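The values are calculated or read from the model by the stated rules, or taken from the named source; none is laboratory data. The structure displayed is predicted, hence computed values, not measured ones. Counting neighbours? That spans all protein chains shown, and the Cβs are built from the backbone with ideal geometry, glycine included. Quick note on the areas: whole protein, heavy atoms, side chains included, nothing else; ligands and nucleic acids left out. Shrake-Rupley method; radii C 1.70, N 1.55, O 1.52, S 1.80 Å.
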Amino acid sequence: MFLFGLIVTCACIVAVVAITGALARWMLKPLFDAQSKVKSKVQYFITDIYVLILQMAITGLPMASVPRYRSEDTIIACIGVWVLLALFWWLGVHILSAAQITRALPRAVSLGITIPAAYISSCLACMLALPSLANPVLLVGLLPVYPAVFLVVRALALWAADRTAPETP
């Protein structure tokens, strides 16, 4: 019985990761399509650093401002969120550099909102869709929300991809 439970758990984890990746890739497709065929170097802009600092400050705000949240568990959770944000930021910088998006506003919106929202919303949608992890009432209540979120994130990615730097001859 233990082995069966372990197999089902592993299958659910693999399903969540695969579906999350596919949904996020679909939402960020305009950015992936804007990537040039020529291998470009990763470019770090000061805007990118500002976005990372702002994200970490916002997620660390509850820990610093509310005394009851200053426990060891909260610190560990906050560090985990910071690691996840740093991963999203790193992936985003690579995607935006390959797509040659150099303007400050599209980079900030993509790094701060679009890329984290694509991965987080698709992961949450997958976890809610699994019957063992979701309350059916909650699933039905959130069902209209997720397509709207997916379409907004895709529209933001399309907006950022349309604002690539003009090519020089």
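Worth a mention:
- Averaging the Cα positions of each part gives two centres, and for the range 75-124 and the range 3-32 these lie 18 Å apart.
- Estimated FRET transfer efficiency (F2, I49; beta-carbon r; R0 35 Å; 0.05): 0.15
- Using only alpha carbons, the range 1-51 has a radius of gyration to Kirkwood radius ratio (Rg to Rh) of 1.27.
- Of the whole protein surface, L91 contributes about 60 Å² of accessible area at a 1.4 Å probe radius.
- For Y44, the accessible area of its heavy atoms, probed at 1.4 Å with every protein chain present, is near 120 square angstrom.
- The length gained by stretching the chain between L124 and D73 to full extension, at 0.36 nm per residue less their Cα-Cα distance, is 16.2 nm.
- With DNA, RNA and ligands ignored, accessible area of L23 (1.4 Å probe; Å², nearest 10): 50
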